[in-house]
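Input: a single structure, listed below in structure tokens.
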Amino acid sequence: LAKLTGSDLRISNPAPVSIAGNLMGTLAYMSPEQTTGNPDAIDIRTDVYSLGTVLYELLTGLHPFGLVPTPSQLDLERLISSNAPLPPSAALQRVIEDAAGERHDNLVRIAAARQLGAQRLAQRLAGDLDAICMHALRKEPQHRYASIEQLANDIRRHLAHQPVTARQRTW
């Protein structure tokens, strides 16, 4: 979640920061702009996307793109760059409806650890937490949170039962 900046950085035996034509990092947590290999498009909003992926996993126990079965690198790059993930509550609802398998068992354990049933956990994620995750995971960097602090502030507002900025304003 970091990159070197500045021309006067002095590092003994530096590791390569990037290699032309190769992705550097953990693909499952890369933003769409990272998978396209455009270094000029990478900024703090890239980190916001990666943190949005981690938040999604913390809330649901699932990766935003499912990743079951494990896709090839090319398929995962396509998923990240062109598909929108399901909101966390919808992803949990899909697992609940499948009602079998390892993902369902994990969901039951996650919900039990929070002293909730699986259906109740999905309901608790609907609304603010869906909006926060989906705002952090927008494909277009300019439509994500502009900083980690903005993302953190929305999480704090949610925990304090205050309106979050990720929710669209309605009358």
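Summary table
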read-out: Residue list for segment 67-81, filter: without any contact (Cβ under 8 Å) to a residue 12 or more places away in the chain and not basic (Lys, Arg); value: 69, 70, 71, 72, 74, 75
read-out: Top-ranked residue of segment 34-64 - restricted to ones that are charged (D, E, K, R) and within 10 Å of the chain's Cα centre (by Cα), ranked as nearest to residue 150 (Cα to Cα); value: 47
read-out: Where a residue in segment 101-118 is of a type in the set (Lys, Arg) and its partner, wherever it lies, is surrounded by 11 or more Cβ atoms within 10 Å (Cβ to Cβ) and at pLDDT below 85, with Cβ under 8 Å and at least six apart; value: 103/68
read-out: Given (1) within 22 Å of residue 25 (Cβ to Cβ); (2) modelled with pLDDT under 95, index of the condition residue 101 fails; value: (1)
read-out: Counted residues, segment 128-164 - those being of a type in the set (Lys, Arg) and surrounded by fewer than 18 Cβ atoms within 10 Å (Cβ to Cβ); value: 3
read-out: Top-ranked residue of segment 110-144 - restricted to ones that are of a type in the set (D, E, K, R) and assigned to a helix (DSSP H, G or I), ranked as nearest to the chain's Cα centre (by Cα); value: 130
read-out: Residue under evaluation residue 67, criteria (1) modelled with pLDDT of 80 or more; (2) within 23 Å of residue 144 (Cβ to Cβ), criterion not met; value: (1)
read-out: Within segment 20-109, helices (runs of 4 or more DSSP H) holding 1 or more residues that are surrounded by fewer than 15 Cβ atoms within 10 Å (Cβ to Cβ); value: 44-60, 73-82, 88-98
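The values are calculated or read from the model by the stated rules, or taken from the named source; none is laboratory data. Small disclaimer: the values here were computed from a predicted structure and weren't measured. A quick note on method: Cβ atoms are made from the backbone with ideal geometry, for glycine too, and the neighbour counts reach across all protein chains shown.
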